[in-house]
Amino acid sequence: MINYLQLPFQFDPAFLKQDVQQFNSAGWKLHFQKLHYEGDWSAIALRSINGEAGNIIPAALDEKTFGDTVFLAGCPYIRSLLGTFQCPLKNVRLMKLNAGAVIKEHRDVELSYEHGEIRLHIPVITHKDVEFYLDNERVHLKEGECWYLNFNLPHRISNNSNIDRIHLVIDAVVNDWVHETFSNKNLLRKEAEEPLPYQDNATKVEMIKLFRLMNTDTSNKMADDLESGMKTS
């Protein structure tokens, strides 16, 4: 099982920042999982279900109706770099963790290469005092790099710096191109020696409660899918 993998792509931080600087504070929507963080954690949707600019909620794996939002049209460099990834793209978001904010340790449901969906992070603005831990290991992500991170594992982030941390976050479906890219043994990677358990029922129940609290069509479907999996497992 892959814990993390640094992909063989390096993007220009200056061009990334040019695309991002157009968004003022009013454009960012606070993250929906409010129990998971302290301070401000927010996002802007560049791709979403049906291209809805106000929808920052990631969709279930089988959701197929994704489209670019009006925000992506104003990000020429990001629009261009998305062509690097020769796999079906789902949600694409800019995600901001304000100075002093903390994302508490949690897991994301079935969000891993092994489950058929990858989440890639490209740091746009970051700082040495941003601490990101994946499965209790600190991982250092630098501006312009591209990382796959297995968010099915416990992870947490503390922005101990005096600047807002912004990442470009890409959700994509695993296909042959992803398999080939990930099979490159020359890439910086961490793999678990033994398969780790997915999630216990207590964690699933917590996620179901959060999805029900959001009370959207997408979140309710995700809750239904989780409940169905618990009944059949």
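A few remarks follow.
- Charge dipole of segment 2-197 about the Cα centre (unit charges at C-beta), most positive-ward option of N175, H155, H127: H127
- Which of S25, S112 has the fewest Cβ neighbours within 10 Å, and the rest in rising order: S25, S112
- Note on K221: lysines with a C-alpha under 20 Å away, same-chain residues under 8 apart excluded, are K34, K64, K90, K204, K209, K231.
- About its Cα centre, segment 63-152 has a charge dipole of approximately 320 debye under the convention of +1 per Lys or Arg Cβ and -1 per Asp or Glu Cβ, with nothing else charged.
- Each residue of segment 33-169 gets 107 Å³ once the volume of the Cα convex hull is shared out per residue.
- What the Cα convex hull of the chain gives, in volume per residue, is 124 Å³.
- Of all the options K17, K29, K209, the one that moves most in a Gaussian network model of the chain with Cα springs shorter than 10 angstrom is K209.
- Summing Cβ point charges (Lys, Arg +1; Asp, Glu -1) relative to the Cα centre of the chain gives a dipole of roughly 500 debye.
Read-outs throughout are calculated quantities, based only on the coordinates presented, and are distinct from any laboratory measurement. On a predicted model such as this, the values are computed, not experimentally measured, just so you know. A quick note on method: Cβ atoms are made from the backbone with ideal geometry, for glycine too, and the neighbour counts reach across all protein chains shown.
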